[in-house]
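> One structure, pasted below without further comment.
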Amino acid sequence: MRVTRTVATGRTVHAAEAPSYLDVSGSEIVFILIGVITLGAALLCVTSRNVVRAALWLVVALGGLAGLYLVLTAELVAIVQVLIYVGAVVVLLLFGLMVTKAPIGPQPDLNTANRPVALVVAVAAFGLLVAVLIDAFRFAYLDLTVEGQGGAEAIGGAVFGSWVLPFEVLSVLLLAAVIGAIAITRRDVGSKGRR
């Protein structure tokens, strides 16, 4: 008899209690539709030759991720996704493009002949990631009827419990990136007569 462990409660159920993959609910259909939209926007973001259009497709992709979090009843993560990534990161990206006066159109001198190799590596990496995820979560399912699994208490307990070290390392990394961005955009650093 196959044994399944639920993600939300951690309790072990038998295969007879677990839902079948052939039994598709409405939330799973919405999840698949939002996932397809998010994947399409991500592909358009990566393949766009205009940096501003790529940033706008990134907004759609990150908004789709927030929708996926909502379907999985992780409202706090969805709100953080919209506020931080859609709101702040994309605005910072566009602001950085404007400050550095980077070219926003296609640049023929930046094209490379290594696109087929890059495509093969990208497809291989994608296949490897899909295989690892399927192997890791083959018999797990998320019970959407359990309340509070995406709330502030559960997320805070996970972040400040078992994930506190990666959380702090990420904050130091982001601080270093902000300091580096400030140092790059300042024009008076290193010029003669300035301290």
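The values are calculated or read from the model by the stated rules, or taken from the named source; none is laboratory data. Nothing here was measured: the structure is a model prediction, and the numbers come from that model. Note that we place each Cβ from the backbone using ideal geometry, even for glycine, and neighbour counts take in every protein chain shown.
> Taking the condition at pLDDT below 85, surrounded by 14 or more Cβ atoms within 10 Å (Cβ to Cβ) and of a type in the set (A, V, I, L, M, F, W, C), does Val90 pass? Reasoning before the result, please.
Working: at pLDDT below 85: yes; surrounded by 14 or more Cβ atoms within 10 Å (Cβ to Cβ): yes; of a type in the set (A, V, I, L, M, F, W, C): yes.
So Val90 passes the test.
> May I ask you to list the residues in region 125-178 that are of a type outside the set (A, V, I, L, M, F, W, C) and assigned to a helix (DSSP H, G or I)? Quick ask: steps written out before the conclusion?
Initially, region 125-178 is screened for residues of a type outside the set (A, V, I, L, M, F, W, C), giving 127, 135, 138, 141, 143, 145, 147-151, 153, 156-157, 161-162, 166, 168, 171.
Of everything in region 125-178, those that are of a type outside the set (A, V, I, L, M, F, W, C) and assigned to a helix (DSSP H, G or I) turn out to be Gly127, Asp135, Glu153, Gly156, Gly157, Pro166, Glu168, Ser171.
> Separate question: Which ones in region 141-168 are surrounded by 10 or more Cβ atoms within 10 Å (Cβ to Cβ) and more than 18 Å from Val77 (Cβ to Cβ)?
The answer is Tyr141, Glu168.
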